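Below you'll find the structure, written out as structure tokens, and then a few comments.
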Amino acid sequence: MNIQENAPLSALTTFGLGGAARFLIEAQQVSELLQALTFAKEKNLKTLVLGGGSNLLVGANGFDGLVIKIDIGGIVREGELLVAGAGESWDALVARAVEEGLWGIENLSGIPGTVGAAPVQNIGAYGAEVKDTLAWVEAFDTQSGTLVRLKNSECNFGYRTSRFKQETGRFVIVRAAFQLQKDGTPNASYKDLADAVRLNLTEVRDKVLAIRAGKFPDLQKEGTAGSFFLNPVVSAEKAAELIARYPQLPHFPAEGGIKVSLAWLLDKVLHIKGMSVGGARLFENQPLVVVAAHGSTSEEVRELVQKVSALAKKELGITLEPEVKIIN
Ligand SMILES: Cc1cc2nc3c(=O)[nH]c(=O)nc-3n(C[C@H](O)[C@H](O)[C@H](O)COP(=O)(O)OP(=O)(O)OC[C@H]3O[C@@H](n4cnc5c(N)ncnc54)[C@H](O)[C@@H]3O)c2cc1C
């Protein structure tokens, strides 16, 4: 087991910001994950499980504990089931499904990060979510000290949430299986894909990748973790008040209330696309996305996020929740 000390985390996250991890271990097998957890226990270290670092903002002080980067690879097909190691790239799994002619996750093309992190926040895009196709996950349960297999119904999935997020730190996902379909049809439920009904599987993936290329910054040039904020789910009463003030506001029924489009509110009501603090700014093409230019700091990102949250509270009476996990 290779233990790195004082390992910079900026290179391991898509924001490209923040300090170092006191210790870093890359686990390519379940046995290495178990050794890493034992090391943390012996040294009384807190742990952070890391995938592709595409949903994290690391502060200047980094992480004073052990970061375990999950690099468990492999994709195996069993009939219409694709089973992948948690460290596989999510998009490599989608590409493989499309290559094999298996429908179900093509609308989730181009989402950065790993297979293991995908169920954590129940990734979603263009009318599809991981929970629609996930059959089971295999995870190490740090509470019982055993490897467990959790069925979809045991994962407590919701809008950008799951049991893995709710019971923070309990489960480390090592494999996940997706139930796909040979005889599928396009999921054209989302307005940007409405004309996808006649497309084949490869064409749907290409279309999603093309749409996304215009909506997100180029990760080679600037840092980001995608949408920084969740769309707020408000009470029916609050939604009615907002819709009376802004009749065009896109809104959707959601578990626990009504989900309102935060991007629309930031753009059409607060007019803050492009708002910046130092090198951090709200992306011009999609204001939920915070972009960090080369040379900016996590403090600048945080200040910008606080500014946006304060404005949303004052002008709209809405409390914003980050989608991105903030480390110290
Ligand atoms: C440009 C861009 C576009 C994006 N678009 C979307 C989008 O359309 N839809 C969407 O839902 N998200 C989107 N995201 C967010 C991000 O891609 C997803 O949240 C992704 O699943 C994060 O994967 P990761 O491997 O990078 O996780 P990380 O950022 O490394 O970790 C995220 C969280 O998952 C935990 N975690 C990671 N691996 C495991 C594991 N094996 N077991 C247990 N916990 C684990 C971490 O501890 C952390 O809490 C986007 C991000 C970027 C940068």
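The values are calculated or read from the model by the stated rules, or taken from the named source; none is laboratory data. Bear in mind the structure is a predicted one, so any value in this text is a computation, not a measurement. Backbone-built Cβ (ideal geometry, glycine too); neighbour counts: all protein chains shown.
Scan region 266-310 for residues that are over 25 Å from V58 (Cβ atoms) and assigned to a helix (DSSP H, G or I) and jot them down.
Across region 266-310, the qualifying residues are D267, K268, V269.
Out of all the residues in region 119-156, which are within 12 Å of the ligand (Cβ to nearest atom) and outside any strand (DSSP E or B)?
P119, V120, Q121, N122, I123, Y126, G127, V130, K131, T142, C155 - these are the residues of region 119-156 that are within 12 Å of the ligand (Cβ to nearest atom) and outside any strand (DSSP E or B).
Yes or no, residue by residue, for (1) surrounded by fewer than 20 Cβ atoms within 10 Å (Cβ to Cβ); (2) without any contact (Cβ under 8 Å) to a residue 24 or more places away in the chain; (3) more than 9 Å from the ligand (Cβ to nearest atom); (4) not assigned by TED's automatic domain parsing to the domain that holds N152:
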site	(1), (2), (3), (4)
L50	no, no, no, yes
N61	yes, no, yes, yes
A92	yes, yes, yes, no
A117	no, no, no, no
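From the residues in region 63-90 that are in contact (Cβ under 8 Å) with a residue 40 or more places away in the chain and either in a loop (DSSP other than H, G, I, E, B) or touching a Pro at 6+ places or on another chain (Cβ under 8 Å) (or both), which one is nearest to the ligand (Cβ to nearest atom)?
A86
With T168, T185 as the choices, which residue is within 12 Å of the ligand (Cβ to nearest atom), surrounded by fewer than 21 Cβ atoms within 10 Å (Cβ to Cβ) and part of a loop (DSSP other than H, G, I, E, B)?
T168
Would it be correct to say that Q220 is part of a loop (DSSP other than H, G, I, E, B) and at pLDDT below 95?
yes
Of all residues in region 96-108, how many are within 27 Å of F140 (Cα to Cα) and either among the aliphatic types (A, V, I, L, M) or buried (at least 24 other Cβ atoms within 10 Å of the Cβ) (or both)?
So the answer is 3.
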